[in-house]
Structure formats: structure tokens, C-alpha cells
1. Of the residues that sit in the stretch 85-103 and are modelled with pLDDT of 80 or more and among the charged types (D, E, K, R), which one is surrounded by the fewest Cβ atoms within 10 Å (Cβ to Cβ)?
2. What tally of residues in the stretch 7-58 results from selecting those that are in a loop (DSSP other than H, G, I, E, B) and of a type outside the set (A, V, I, L, M, F, W, C)?
3. Which condition breaks for R51 when tested against (1) farther than 16 Å from I16 by Cα; (2) surrounded by 10 or more Cβ atoms within 10 Å (Cβ to Cβ); (3) of a type outside the set (V, I, T)?
4. Test E79 against the criterion of being among the charged types (D, E, K, R) and modelled with pLDDT of 90 or more, and give yes or no.
5. Output the qualifying pairs, or none if there are none: Cβ atoms under 6 angstrom, residues six or more apart or on different chains, first residue in the stretch 56-68 and within 13 Å of A35 (Cβ to Cβ), second residue assigned to a loop (DSSP other than H, G, I, E, B).
6. When the residues of the stretch 11-31 are filtered to those that are β-branched (V, I, T) and within 15 Å of K63 (Cα to Cα), which remaining residue is nearest to the chain's Cα centre (by Cα)?
Amino acid sequence: MEGNRKLAVQPPPPGIVWIEDYRDEDGSVAIPGIASRLGISPSTYRKWRMRDEGPDSFLIGKKVAARITAIEAWLQSLEQAATEERAANRASAEHNMRPAEPRRYRASQNQLAPAA
């Protein structure tokens, strides 16, 4: 009897990744999962998934999976939204700027007093 041996994680179908990182069939190369590709922890992605945020994902058996193309498309949409927002803020800032007002100096009290 082999005892409490952890079962190997079966790799997903081609073009699909699990939430967590996994190794290829021979165990030599670590393949990044959804969370690693997004730069977050697997638990954070699970929270996003419960709130219906992040790239589209689905279940394969009991494992959460996503298409690599869906992850890349979601990241590209974030990049495009940030670029558009930055351009809008830049245009708004240029439009709202006022020209510098001329400085007004107060006349000193000596200049206002009549000469005797």
C-alpha cells in the first residue's frame, strides 16, 4: 500500500489552463496557470470568479479552467481601457488649464501718501 501519496495533476486540454500552476506531462516544465498569468494568487482569482470579475472561466470536471486566448483578450481590454482613460484625462487637463494671470503688485503706503 502506498499510503497518502498525492495524485499528479492531469494537464488540461491544449489551449486551456487551470487556476494554479502545473507541470507538463514529464514534470520538467512548470506551466503558469490563470492566477500566475494575471499576477495574483489563486485564492484572489477564486474571489474574482465569485464576483464575476476577470477573464471568462468554466469548469472541466471539478477544476476551474480558462482559455489562454480569453485571458489574453481580457488583459488587452484592460490595457486599452487604461490607454483611453489616460488620453481622455490628458485632453481634459489641457482643456481645463487657464492662462497665467498677470501679477498685481500692491503699491506701498509711501507711494500713496501725498508729497508734502
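1. The initial filter retains those residues of the stretch 85-103 that are modelled with pLDDT of 80 or more, namely 85-89, 102-103.
Narrowing further to those that are among the charged types (D, E, K, R): 85-86, 103.
Details: E85: 10, R86: 10, R103: 5.
So the residue we want is R103.
2. Result for the stretch 7-58: 24.
3. Condition not satisfied by R51: (2).
4. Values: among the charged types (D, E, K, R): yes; modelled with pLDDT of 90 or more: yes.
The answer is yes for E79.
5. Pairs that qualify, where the first residue is within 13 Å of A35 (Cβ to Cβ) and the partner is assigned to a loop (DSSP other than H, G, I, E, B), are V64/I19; V64/S57; A65/P12; A66/P55; A66/S57.
6. We begin by selecting, within the stretch 11-31, every residue β-branched (V, I, T); these are 16-17, 19, 29, 31.
The next check asks that each one be within 15 Å of K63 (Cα to Cα); those that pass are 16-17, 19.
Values: I16: 20, V17: 19, I19: 17 Å.
Restricting to residues being β-branched (V, I, T) and within 15 Å of K63 (Cα to Cα), the top hit is I19.
The values are calculated or read from the model by the stated rules, or taken from the named source; none is laboratory data. All values reported here derive from a predicted model rather than from experimental measurement. Glycine gets a Cβ as well: all are built from the backbone with ideal geometry, and neighbour counts include every protein chain shown.
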